[in-house]
Amino acid sequence: MEIKPICRFTCQSLTSEIIIYNQVSSVEDEIERITCNTPVHSVKKVSTFTETGQWEIEVRNKETGKTKTLTFDAVLICTGHHTEPKRPSFPGLHKFKGNIIHSHDYKDSRGFEGKSIVVVGVGNSGADLVVELSRVASQVRCQDPVVIKLADLRFCMNWS
């Protein structure tokens, strides 16, 4: 059975105010309730918001053009603030003869079989890539820059 992605979730910069999706008992129980690529026309508090905390969402079906209003206990706004990749530059990068890609441009592990790979930066995306590529590559290393500013250490230590 081929598993097809229903949509892409980015778990970046989540705060305690967001209800985490993994609180759902299982994805299989909720899968039919997920709708992707649906334009949202309005989001507003219901008249009983103070008591219920619920939201009224008006959406439009792209295929039929019909709009409908739905009520939810929570709203997750996914604006894609990480969609513009940051491509750092560092000395000697131009001398590297291999392929360089950003996690933003990564689609799947095809083409990485048997390769020796270094992943620079192990934030959420980098850590995901290390795990996925380790299944097909001959070697995966990760490098995460560590910056320590001496001036900042005084706040971490008890200077008596």
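Details
- Filter pass, V43 being under 27 Å from L129 (Cβ atoms), surrounded by 10 or more Cβ atoms within 10 Å (Cβ to Cβ), more than 15 Å from the chain's Cα centre (by Cα) and modelled with pLDDT of 80 or more: no
- Taking residues in segment 96-110 that are under 17 Å from V131 (Cα atoms) and in the same structural domain as R135 (by TED's automatic domain parsing), and partners anywhere that are hydroxyl-bearing (S, T, Y) and in a helix (DSSP H, G or I), the pairs with Cβ atoms closer than 7 Å and at least 6 places apart or on different chains are S103/S125.
- Test result for E84, of a type in the set (D, E, K, R), surrounded by 10 or more Cβ atoms within 10 Å (Cβ to Cβ) and closer than 30 Å to S134 by Cα: no
- Those strands (runs of 3 or more DSSP E) of segment 40-130 that lie entirely within it include none in which at least 2 residues are out of contact with any strand residue (DSSP E or B) (no Cβ under 7 Å at 6 or more places or on another chain).
The values are calculated or read from the model by the stated rules, or taken from the named source; none is laboratory data. No experiment lies behind these values; they were computed from the predicted model shown. Don't worry about glycine lacking a Cβ; one is built from the backbone with ideal geometry, like all the others, and counts go over all protein chains shown.
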